[in-house]
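A short worksheet on the structure shown next.
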């Protein structure tokens, strides 16, 4: 009985499984103290400088940088997989005009899985090929949602464009210039994986019952939707919109500090140093907001960063990845409600890679709860209640 | 650095978080050694004997047995909430004829969430009211899926019928007799909650990012779909179909033991004694299969149980809840592929109750992975690979 008894009564445990080890992984590593992030051994600064989202996705899925022919082959597969079945478009037509864009994305991927006759094949080859297909199709679905929200028809993918340029094209209906496409590509690289974050963990937990890749990714989207996770970059933008202009930043931050208002886009459960992704995005934000005539957004954010670090930097409160991404997407003319779907268009590579890694040596996730309720209640017939 | 270092290299940890405590709960308790299951303090044998699925759902959501007026009010709410928006039916029309029924159910609930303008309200009152709505609507969606698979139109709910009788009516198009409805009701009671099982945990993990109730339940369905979880009762039925008749059971089991074939519906990670749910369902199976002229199913299962317990009982291998449920549903003429959706129609009460309990004192689930990959890979330009 002793081994069971630990699950009754009250116990010490880590709320939110903080610090609890759930698995081993070779996917990536976050060193929160040093402010370091690596994917498959490669520092995020190197990948942001030299790699592309396509190459980084290959790296995350297969554990190594591709040769030229491997990359060509991978990119060709992505192009071939961009189109989604008409049933997915029809389902999006039903929901996407009015629904939360992440509820639409969740629905689109769920329908995609429902239409795939190979969804139940549990081989790692099939998980991998669905993973590649979803990296391609997540962008198409997010693009279609963007269009339906504007009351427009989806834009067909253009096979001549690379993944990210095509994604921007499917959202905006216009082909982006090279620098704009590159900045978005870097943002997708930076968001692709991040240790055992809540959406990745959600995907893995669902996958561990040997459900299927679509079910796992649907759960990842469902989790990323939350205000404590992917929704955070949207809240940064709402905060900047509320502040309004750079000259109002100081007073707003002083008031937020005095009234202990939550500062969106600052602090992270893992990072106690500067989030390396914020360093990179901050630099790009400065250049790209200027190029798109929205330097005001960067100026507000930068002023806010300086004020907050002066107040809280010693306590390990720094901007996180969500702080600058929104200024960039806004400069591109993208509606704030679409920021989290863009996050998903990137994070799919990490979700797929970690799901494949986990199910290869799968073990069902089934923790315990400590039972703190009554043990021997007697059923009372209705007449005596 | 020391506190970070534990996340690099190799570490001892519990695979699948087995035995790890994820939270406290007053929802229910599984004593695997004693073969005991309680909901909110009430023994499952008492609930199966005296309660109804509606009353048990109230108990799970609100932590106490309802008074007559509370139960009347709750039942009335369930009746009022049965109808689903036409958009949900339209989406099911797209997928349900051919898709895995759990992929259809996952899609139906996702669309339901996409259409609910109150989905983002984070109040506990709203979580509760969506929970009640989903208890009602899960049955309607599962009923519609059943009908679409047969190429028929969904059956409108009948407000004069109780929840479970109406559910059978929406699946079969015929009103069940009282005993049939009661046996199904008991089965729904028995499947409604079971500690921190994988689908419940999936729902809670997704809810913990403060996504929304529909996202959480979509993830629960996605997880329950897996062959290691809800799919197990379908596999029991396939196994019985494969055996074919009671006289072939002995040879089949002997062969399975000799070749170490997996015996579906036996053993459980938590129960090392007889699963109380299997005790109750076994008794009902005997009676109801006879009433529906399918005693052959019970006879095969019972013979198999005796053989397997003789061989493995000492090692704690007994029938689990999945072993007899399928014989009952088959006797009702329900297609094997619908068994897991029926499980979901019941488990929604546990999912909703535990999600509400968790988000009331929410903490984002974010465990760690131990990084076992390379630490300092140097990016090699393409030309040099």
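Remarks
- Residues considered: A:162, A:193, A:255. Largest GNM mean-square fluctuation over chain A, using C-alpha springs under 10 Å, is found at A:255.
- Built from the Cα atoms of region A:171-239, the convex hull projects on average onto 6.3 nm², one quarter of its surface area.
- Overall form of region B:232-331 per C-alpha gyration tensor (a/c, 1.5; a/b vs b/c): oblate
- Here the relative contact order of chain B, from alpha carbon pairs under 8 Å that lie six or more residues apart, stands at 24 percent.
- Inter-chain Cβ neighbour average for residues B:376-384, partner chain, 10 Å: 5
- Distance from region A:215-250 to region B:42-82 (C-alpha centre basis), Å: 39 Å
- Once the Cα-Cα distance is subtracted from the 0.36 nm per residue extended length, the residue A:241 to residue A:120 segment shows a gain of 39.0 nm.
- Global geometry of the protein assembly as shown, whether rounded, prolate or oblate, following the gyration tensor of its Cα atoms and the 1.5 cut on a/c: prolate
- Legend: mean number of C-beta atoms from other chains within 10 angstrom of residue C-beta atoms, peptide A:27-34, equals 5.
- Cα→Cβ-extended label distance, 7 Å offset, between residue A:67 and residue B:67, nm: 7.8 nm
- Each principal axis of the Cα cloud of region A:66-226 was evaluated for its coordinate range; sorted largest first, these ranges are 44, 43, 30 Å.
- Viscosity 0.890 mPa s, 25 °C: Kirkwood-radius Stokes-Einstein D of region A:149-297 over Cα pairs, µm²/s: 134 µm²/s
- 4 °C / 1.567 mPa s Stokes-Einstein diffusion coefficient of chain B, Kirkwood radius on C-alpha pairs, µm²/s: 59 µm²/s
- Between copies, residue A:255 shows label-point distances of 7.8 nm, shortest first, with the point placed 7 angstrom from Cα along Cα to C-beta.
- The residue of chain A whose Cβ sits closest to the rotation axis that maps A onto B, together with that distance in whole Å, is A:219, 2.
- In plain terms, the residue of A:317, B:342 with the fewest other Cβ atoms within 10 Å comes first and the most crowded comes last, giving A:317, B:342.
- At an R0 of 45 angstrom, the distance between the Cβ atoms of residue A:26 and residue B:177 translates into a FRET efficiency of 0.20.
- Region A:34-128: translational diffusion in µm²/s, Stokes-Einstein, Kirkwood Rh over Cα pairs, 20 °C, 1.002 mPa s: 133 µm²/s
- From least to most packed, judged by other beta carbons within 10 angstrom and beginning with the fewest, B:248, A:260 follow the order A:260, B:248.
- Distances between copies of residue A:242, taken at a point 7 Å out from Cα along the Cα→Cβ vector and listed shortest first: 5.9 nm.
- Anisotropy class of region B:106-184 from Cα gyration tensor, a/c 1.5 cut: oblate
- Using a Förster distance of 22 Å, the FRET efficiency for residue A:262-residue A:306 (Cβ separation, nearest 0.05): 0.70
Every number in this text was worked out from the coordinates using simple rules, so none of it is lab data. It should be emphasised that the depicted structure is a prediction, and the values quoted were computed from it without experimental measurement. All Cβ positions, glycine included, derive from the backbone under ideal geometry; neighbour counts span all protein chains shown.
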